[in-house]
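Derivation of every value follows stated rules applied to the coordinates shown; laboratory data play no part. Quick caveat, the model's predicted, so the values are computed rather than measured. In this analysis, Cβ positions are derived from the backbone assuming ideal geometry, glycine residues included, and neighbour counts consider all displayed protein chains.
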Amino acid sequence: MANIPMVFCFDSRIILGASVAIKSLIDCAKDSTYYDIRIFHFDLNLNAQKNISKLVENTKHNIAFHYINPELFKGAPHNNGSWTELVYYRLLIPEILREYDKVIYSDVDVLFKGDLETVYNIDLSNYELAAVPVEKNNKETMICHKYFPENINEDIYIFEKKNAKLNDLKTRA
């Protein structure tokens, strides 16, 4: 059985979208895949957590919630829209989920169409981080990218490589 830790970071504004992402992940899981879903948040009350947890009822999957104090990233660049301190919570994954050597992080504006075991099993031993470029970074047409002048990458992702290229991973996945 593949034990795949999945991390999502979201707040109460996007529970519906996050629920769709999580439900599609679970629905696409192979019988041999177990998702340990971790949700990093700062404002999901117990009722919201209970409702989200229903997504894994009667399945082999798990959901756990991790409250993150938003003060941890006070002073970091952000805006009051979609780029809040929440975007930095993924940086805490290695500190919070020490029991895992690697995890899959996903935004919640994703509809999963297949199981992630093949992706998870890619050998990343020569990498600090692997990411998939999902869209071109066009500051003229994508207003959210104008908030950060240091955002100068051609694609929207951050990739720190040791010895190989991102395309090596992308073509094998």
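Show me 88-99, 66-77 ranked by packing, highest mean number of other Cβ atoms within 10 Å first.
88-99, 66-77
What are the residues whose amide H is under 5 Å from the amide H of residue 65, where those residues sit 5 or more places off or on another chain and H is modelled from the backbone?
Amide H to amide H, under 5 Å and 5 or more residues apart or across chains, residue 65 pairs with 39.
Put +1 on the Cβ of every Lys and Arg and -1 on every Asp and Glu Cβ in segment 1-116; which of 39, 87, 62 then has its Cα farthest towards the positive end of the dipole?
Ranked along the dipole, the leading option is 62.
Using only the alpha-carbon atoms, what does segment 1-116 span along each of its principal axes? Please give whole angstrom values in decreasing order.
Computed over segment 1-116, the largest-to-smallest principal extents equal 44, 29, 25 Å.
Does segment 37-104 come out rounded, prolate or oblate, given a ≥ b ≥ c as the square roots of the eigenvalues of its C-alpha gyration tensor, rounded meaning a/c under 1.5 and, failing that, prolate meaning a/b above b/c? Intermediate results must be reported in sequence, preceding the final value.
Working: a/c = 2.55, a/b = 1.44, b/c = 1.78.
Oblate, since a/c reaches 1.5 and b/c is not below a/b.
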